[in-house]
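Some notes on the structure that comes next.
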Amino acid sequence: MHFIDLSAATDAQRETAARLLHEEFAQEKWGFSWDTMDDAREEIAEMIDPERLCLAALDDDAQMLGWIGGIPEYDGHVWELHPLVVHPEKRGQRIGAALVAALENRVRALGGLTIMLGTDDVSEMTTLGGADLYVNLWAQIASIRNLKRHPFEFYHKLGYVIIGVMPDANGPGQPDIFMGKSLR
C-alpha cells in the first residue's frame, strides 16, 4: 500500500473515490450523505483544494483502497479529519488506521497541533443516540457504549478522545460526537 495526494490521482481514481464516498455515506445511519454521485464528485473537488489535505491509499496495482481528507481550522493549529472512507471489501485490514496515521503525519509536518472530527449518531448506534444529553451530559459521555459498530471506537483505538457532544445536531436524540487527538 502507498499513499498519493488525491489531487495527483487519475480521473478514474477520483471517480472511484467519489463512488466509495457515495456508496458508504448515502445511508441514513450517518446523519449526512452524498446522496448522488454528483454530490460526491463535488466533495472530491472541494477536498483537492490546495489549502486542504486529501490522501488516497492505493494497492500495488494502483487500485483505490480508501481515502481521507483534512481541513485546516484555527490558522492551521487544528485540522478536521473529514471524511474517511475505505473500500468495503478492504475493511478490517488496517487501511483506515494507516490513512489516519498518514494524515496525522502530514498535519504534524505542517505545524498542526490537534486533529478533530465529528462522528454523528443518528440511528442510536451508541448510548448517546436517543438520549436527552442535556441531563448529566458528562456522565453519559463517560459511560458511552457502542451498540451497533459506531466508528467512535475505531478512533478511540487510534488515540482519539471524546472532547464534546452537540446534542440534537441532526434532530432530536441525534448527536454529533466530537473527538480529538493531540499531535504534540
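Derivation of every value follows stated rules applied to the coordinates shown; laboratory data play no part. In this text, all values refer to a predicted model and were calculated from it rather than measured experimentally. Reconstructed Cβ throughout: ideal geometry from the backbone, glycine too, with neighbour counts over all protein chains shown.
Using Cα pairs under 8 angstrom and six or more residues apart, how large is the relative contact order of segment 119-184, in percent? All intermediate terms of the calculation are to be shown ahead of the outcome.
Working: 106 pairs, mean separation 26.2, N = 66.
Taking the mean separation of contacting Cα pairs over the length of segment 119-184, I get 40 percent.
If the chain linking residue 153 and residue 51 were pulled fully straight, counting 0.36 nm for each residue of separation and taking away their Cα-Cα distance, it would gain 33.8 nm. Summing charges over all other residues whose Cβ lies under 12 Å from the Cβ of residue 131, with Lys and Arg as +1 and Asp and Glu as -1, gives -3. Sequence-ordered 3J(HN,Hα) estimates for segment 88-96 from the Karplus curve with 6.51, -1.76 and 1.60 and θ = phi - 60° stand at x, 7, 10, 5, x, 10, 6, 5, x Hz, glycine and proline given as x. Across all directions, the average flat footprint of the convex hull enclosing the Cα atoms of segment 119-184 is 4.2 nm².
Counted residue by residue at 0.36 nm each, then reduced by the alpha carbon distance between them, the extension gain from residue 169 to residue 15 reaches 52.4 nm.
Rounded to the nearest whole angstrom, the semi-axes of the ellipsoid equivalent to segment 1-112, taken from the Cα gyration tensor as √(5λ), stand at 20, 17, 14, largest first. Look at the dipole of the chain built from charges on Cβ: of 47, 101, 77, the Cα furthest out on the positive end belongs to 101. As I understand it, the value is the acute angle between the Cα axis of helix 37-47 and the longest principal axis of the Cα atoms of the chain; what does it come to in degrees, rounded to 10? Approximately 80 degrees, to the nearest ten.
Estimated from helical segments only, the mean residue ellipticity of the chain at 222 nm is -8500 deg cm²/dmol, where each DSSP H run of four or more residues counts as -39500 (n - 2.57). Quick one: compute the contact order of the chain, relative version, from alpha carbon pairs under 8 angstrom and 6+ residues apart, as a percent. Relative contact order of the chain: 18 percent.
Ranked by Cβ crowding within 10 angstrom, fewest neighbours first, how are 179, 1 ordered? Walk me through the intermediate numbers first.
Numbers: 179 21, 1 15.
If I rank by nearby Cβ atoms, fewest first, I get 1, 179.
Projected over every direction and averaged, the convex hull enclosing the alpha-carbon atoms of segment 28-183 yields 9.9 nm².
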